[in-house]
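Data block below; observations after.
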Amino acid sequence: MSMSARDNAVLAVSVVLPACGRMDLLDRSLDALMRQRLDPRSYEIIVVDGEPNHHTQHLVAGWRTRTLERGPRLSYVANPGPRGPAAARNRGWRAARADIVAFTSDEAVPAAHWLAEGLAAFRDDVDVVCGRIDAPVPVHPTDRQRSAHAHAQLDLTSASCFIRKPVLERMDGFDECFSVQRGADADLHFRLLEHRVRLGRAPQALAVHPVRPAPRGASLLQIRHAVFDALLYKKHPALYRQKIEAHPCWGHYAAVAALLLTARLCAQRLHGAARSLSHVAEMVFTSALLPPLAVFWRPAGAVRYRVRFA
């Protein structure tokens, strides 16, 4: 038996770890993966570099030198394109040598028993095992922290899951049309459900996902990812309504309608009026307050004078 065949025979799992230039996070994740309570010769780690550069190569090479004798085997795979987490994970699992592929993230810190618990959850009738993500947040979280915590509660997340390689081949992996992790994860999960692939759970296969600080106004940048909700809904309308969003976001449309009506009121009041900066600012400010104040005072007058008036 050749050395390569002998290595493949003992490999229980291949870990796919996408990276995108965040050296400190990648180093932290690799350190956690090297400390797994599993025979180091029984698993390999595939680092897929979404932003190929010599810094990532140098970091991976340093870890490879330290683990060359005892394992695990460590590989570096450059992914010059297409970009995105789905493409990186596809390139990773296609290079995997084991029958089971474990996915995590450079933002996640797998617990020491992560791999062992994930593998132990497989049965003959289980092809996918969903691990657990812990995104610690304070008692009174910020909007960003609350959103990250909600993402950690999803049924399947590629920051902690285990999938048989033949299933990935049959599903053709992650849909690379989704350039954000959440959309690609949800799409794969829905396709697995639609194909009646049996999913198991391993709550002890834990990966901690610290919430990184976000700049002010980050939500305004993140909201652009809502464009992929349309694609997810197009592909899986029933599951989207069941698991993502039961109803359209009518509140958002109502808020936009209110803004448009406020802008119209402001334009009407400014028509033919003075256009000094101070006056325009006053019109914008008061036009926003006039409608809610009118809604209060007009019914107040109706109550006071006992007349049907709106």
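A compact table of results
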read-out: Where a residue in segment 48-62 is in the same structural domain as A87 (by TED's automatic domain parsing) and its partner, wherever it lies, is surrounded by fewer than 13 Cβ atoms within 10 Å (Cβ to Cβ), with Cβ under 6 Å and at least six apart; value: P52/P80
read-out: Wholly within segment 227-305, helices (runs of 4 or more DSSP H) carrying at least 2 residues that are more than 31 Å from the chain's Cα centre (by Cα), modelled with pLDDT of 90 or more and farther than 30 Å from A184 by Cβ; value: 250-270, 277-305
read-out: Subset of segment 127-141 (residues that are within 16 Å of S160 (Cα to Cα) and of a type in the set (V, I, T)); value: V128, V129, I133
read-out: Among the candidates R35, R41, residue that is surrounded by fewer than 21 Cβ atoms within 10 Å (Cβ to Cβ), charged (D, E, K, R) and out of contact with any helix residue (DSSP H, G or I) (no Cβ under 8 Å at 6 or more places or on another chain); value: R35
read-out: Options A121, A111, A102; residue that is touching a Phe, Trp or Tyr at 6+ places or on another chain (Cβ under 8 Å), of a type in the set (G, A, S) and surrounded by fewer than 23 Cβ atoms within 10 Å (Cβ to Cβ); value: A121
read-out: Any chance A310 is within 41 Å of the chain's Cα centre (by Cα), not in a helix (DSSP H, G or I) and not aromatic (F, W, Y); value: no
read-out: Qualifying residue in segment 219-226 (condition: in a loop (DSSP other than H, G, I, E, B) and either surrounded by 10 or more Cβ atoms within 10 Å (Cβ to Cβ) or not assigned by TED's automatic domain parsing to the domain that holds D24 (or both)); value: no
read-out: Residue that is in a loop (DSSP other than H, G, I, E, B) and assigned by TED's automatic domain parsing to the domain that holds M23, where the choices are V129, V137; value: V137
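The values are calculated or read from the model by the stated rules, or taken from the named source; none is laboratory data. If you're wondering where the values come from, they're calculated on a predicted model, not measured in any experiment. When we count neighbours, we look across all protein chains shown, and the Cβ atoms used for this are built from the backbone with ideal geometry, even at glycine.
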